[in-house]
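Take a look at the structure set out below.
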Amino acid sequence: MTDIRRRADAPAWYRHRHRHQPWPLCRQCCGLALDLGSARTRAWMAGRGLILDVPTVTFPGAVHPIRRGAIVDVPGTARMLDRLLGHRLPRLTRPLVVVTTPVLDGPGYRERARTAVEVLRPRAVLTVPTARAIALAAAADLTLPLLVVDVGAHLTEVVLLVDGLVFDARRTALGTTDLSGAGTTAEISEAITAMITSMLRQDRTSFTAEALSRGALLAGGGALRPDLTRRLIGGLHAPLRAVPAPHTAAIRGAATILHAAHAHPSAGGTPPFGAGSPWR
């Protein structure tokens, strides 16, 4: 069946009557961006901004369903999301949800995240690598190779983006929470330096060296520690650029993608990102 609203040869009376019709209502649909961190869960709602920044724990009891960047308890994560967000979503709506994901956790993490988010009855779930979300929050030039260093609470990732896509990545199970125990900023700095050195040695292109010479982006809670920044600059012998409000960079980048998804001409139907999209 042909939809007359999409035909150029629609009758003049129809075009006149409908020329000022608003875009499909899904442009105003509820949208939600999520950053499910090991230590904190953050949520951004379209039209309202950051609505949630709380510890990642189930209820009752302080049980952590996400550890070292991995969703270890899918039902617990779902219960947490329902408790934190279920009452905040408009009734009878099915939100478009954008979720940040660690680069190296692969399809398994994305599937677990989608399963947990189903409790919110989304009409679609998009996933975006955390490093790309950080780059978007920093308004970085993605036409050039870019190094992103994300020092989270329980996990640190170093990611090389080329043309906005993940070209290489490394990770270590160290984060800012380890600094309260036996860990030190020196250990985290040395681990990051070792990962970048490994990337330089194994890169048969000039992408890693080029990105490093311009300065890596530093994000996550670790970017708020001046001692870590100083050690990294000394160890890498290269400039470092801290992202503004680095601890919320990932959720702000996810919100940018959420806005782009709602503004896309296909917003009334399937989200505009196919299998080859950089944010799946």
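The values are calculated or read from the model by the stated rules, or taken from the named source; none is laboratory data. Worth saying up front: this structure is predicted, and the values here are computed from it rather than measured. All Cβ positions, even for glycine, are placed from backbone atoms using ideal geometry, and neighbour counts span all protein chains on display. In case anyone asks, the SASA skips ligands and DNA or RNA and just uses the protein heavy atoms, side chains included. Shrake-Rupley method; radii C 1.70, N 1.55, O 1.52, S 1.80 Å.
Data table
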| read-out | value |
| --- | --- |
| Residue in region 72-82 that is at pLDDT 90 or above, part of a strand (DSSP E or B) and open to solvent by 10 Å² or more (accessible area, probe 1.4 Å) present | no |
| Cβ pairs under 8 Å, 6+ apart, first in region 151-165 and within 12 Å of ALA135 (Cβ to Cβ), second among the acidic types (Asp, Glu) and part of a strand (DSSP E or B) | VAL159/ASP150; VAL159/ASP168; LEU160/ASP168 |
| Subset of region 166-184 [open to solvent by 40 Å² or more (accessible area, probe 1.4 Å), of a type in the set (A, V, I, L, M, F, W, C) and touching a residue at least 24 places away in the same chain (Cβ under 8 Å)] | VAL166, PHE167, ALA173 |
| Any pair with Cβ under 6 angstrom, 6 or more apart, that starts in region 242-260 at a residue that is in contact (Cβ under 8 Å) with a residue 40 or more places away in the chain and under 13 Å from THR130 (Cα atoms) and ends at one that is open to solvent by less than 10 Å² (accessible area, probe 1.4 Å) and of a type in the set (Ser, Thr, Tyr) | ALA250/THR100; ALA254/THR100 |
| Filter result for ALA254 (surrounded by 20 or more Cβ atoms within 10 Å (Cβ to Cβ) and at pLDDT below 75) | no |
| Counted residues, region 130-172 - those being assigned to a strand (DSSP E or B) and among the acidic types (Asp, Glu) | 3 |
| Test result for ARG94, surrounded by fewer than 16 Cβ atoms within 10 Å (Cβ to Cβ), among the charged types (D, E, K, R) and touching a residue at least 60 places away in the same chain (Cβ under 8 Å) | yes |
| Filter result for LEU104 (aliphatic (A, V, I, L, M), touching an Asp or Glu at 6+ places or on another chain (Cβ under 8 Å) and within 24 Å of PHE207 (Cβ to Cβ)) | yes |
| Selection count where residues are at pLDDT 90 or above and open to solvent by 80 Å² or more (accessible area, probe 1.4 Å), scope region 54-66 | 0 |
| Selection within region 116-146 - closer than 16 Å to ALA33 by Cα, open to solvent by 60 Å² or more (accessible area, probe 1.4 Å) and in contact with a strand residue (DSSP E or B) (Cβ under 9 Å, 6 or more places away or on another chain) | GLU118, ARG123 |
